[in-house]
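Just below is one structure, and these are the notes that go with it.
Derivation of every value follows stated rules applied to the coordinates shown; laboratory data play no part. Keep in mind that what you see is a predicted model, and the values were worked out from it rather than measured. Heads up, the Cβs are rebuilt from the backbone with ideal geometry, glycines too, and the neighbour counts pull from every protein chain shown.
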Amino acid sequence: PGQLMAGKRGLIMGVANNRSIAWGIAKACAAQGAEIALTYQGDALKKRVEPLAAELGTKTVLHCDVTDGASIDNVFDTLAKEWGSLDFLIHAIAFSDKNELDGRYVDTTEKNFTQSLLISCYSFTALAKRAEKLMPNGGSLVTLTYYGAEKVMPHYNVMGVAKAALEASVRYLAADLGRTGIRVNAISAGPIKTLAASGIADFRYILKWNEYNSALRRNVTIDDVGNAGLYLVSDLSRGVSGEIHHVDSGYHIQGMKNEDAPDI
Ligand code: NAD
């Protein structure tokens, strides 16, 4: 095993279980020698995340709900005490009321619009602001986005709008924080069956469609995304900032369906 991340410390937010994209990134970074802190949202997920943290040899496992500024502050206060500084941050957090990931976007409610944008977009900025203080010598911030930010995808609705705002915020944050050597990027992942994805109506159809119509004719795994995450938080990507990096088997380059795609 290599030691690409030896001496680097990172906070990984958004592990819900061993199918989470954040878990794929955590595994890839830990395998390269990174020291990792994890957060979980609420007691129900604590039971799932603690054994995963043990697998990584991580003792720092903290509750954080990004709608609660005090719980975010607590995470960064703890890291300031335990580590003093931070090298990277992974933000793999999104939420929308399931009922609004079906039907028409135009019917989205003000309440769910506000909450979805708060959790799925603003939280990354709120975290970046705190992370900056722990990154006096530079660092890397990475968030997760989806093609529904660029093009209309069935049922993605308000999440597509939230991801578009998130991608724009990656560029503004990259410009703001670049002076101190902090890089900010996003991975636009192809569809993967996770807890969050189970909220999207007809997700099996979307998975099949992407498998048949991507350049590589397969879906990506959390390990594919994990390795791309490793690249973005490691020094290998030291010249890269403000980028939306697609890890989607090349799906986003396609203009029409593949001629060899079977019917679904
Ligand atoms: P997941 O369900 O494993 O992870 C989502 C995480 O968001 C969970 O850990 C959950 O606890 C956390 N979260 C939700 N609300 C929160 C809050 N208020 N405070 C703190 N944490 C909160 O699913 P995933 O698919 O691994 O999602 C991770 C990221 O990847 C999300 O941003 C998602 O939009 C993005 N993404 C997923 C796919 C996919 O197909 N699965 C594709 C592209 C992008």
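Just THR143, THR78, THR39 to compare: in a GNM of the chain, with alpha carbon springs under 10 Å, which one fluctuates most?
THR78
Restricting to DSSP H runs of at least four residues, report the calculated mean residue ellipticity at 222 nm for the chain, -39500 (n - 2.57) per run over all residues, nearest 500 deg cm²/dmol. If you can, show how the numbers build up before the last one.
Working: 8 runs with 102 residues, N = 264.
-12000 deg cm²/dmol, from helical runs alone.
Across all directions of projection, what mean area in square nanometres is found for the Cα convex hull of the range 199-264? Walk me through the numbers before you get to the answer.
Numbers: hull surface 23.5 nm².
That works out to 5.9 nm².
Expressed in nm to one decimal, what extension gain is obtained for the pair ALA70 and TRP83 from 0.36 nm per residue of sequence separation less their Cα-Cα distance?
On the way: separation 13, 0.36 × 13 = 4.68 nm, distance 1.96 nm.
Taking ALA70 through TRP83 to full extension adds about 2.7 nm, to one decimal.
How would you rank 161-167, 217-223, highest first, on the average number of other Cβ atoms within 10 Å across their residues? Intermediate values should be presented prior to the final figure.
On the way: 161-167: 21.7, 217-223: 17.3.
Ranking, from highest mean packing down: 161-167, 217-223.
From the residues VAL158, HIS252, PRO262, which one has its Cα farthest along the dipole of the range 121-264 in the positive direction, the dipole being from +1 and -1 charges on Cβ of Lys/Arg and Asp/Glu about the Cα centre?
Projecting each Cα onto the dipole axis, the largest value belongs to VAL158.
For the range 1-111, build the charge dipole from Cβ charges (+1 Lys, Arg; -1 Asp, Glu) around the Cα centre, then report which of ALA26, VAL61, LEU11 sits farthest towards its positive end.
Working it through, the farthest residue towards the positive pole turns out to be ALA26.
Report the label-to-label distance for GLU150 and HIS252 in nanometres (one decimal), using points 7 Å from each Cα along the Cα→Cβ vector.
0.4
Based on the Cα coordinates of the range 9-244, what is the per residue volume of their convex hull in Å³? List each step's numbers first, then the result.
Details: hull volume 28.4 nm³, N = 236.
That works out to 120 Å³ per residue.
Suppose every K and R has +1 on its Cβ and every D and E has -1 on its Cβ; what is the size of the dipole of the range 9-244 about the Cα centre, in Debye to the nearest 20?
Details: 25 positive and 25 negative charges, 77 e Å.
My answer is approximately 380 debye.
So for the range 1-79, if I pair up every lysine 8 or more residues apart or on another chain, how many of those pairs have alpha-carbons under 16 Å apart? Present the calculation step by step, with values, prior to reporting the outcome.
On the way: LYS8/LYS27; LYS8/LYS59; LYS27/LYS59; LYS46/LYS59; LYS47/LYS59.
Pairs that pass both the separation and distance tests number 5.
So how far, in whole Å, is the C-alpha centre of the range 230-256 from the one of the range 1-67?
22
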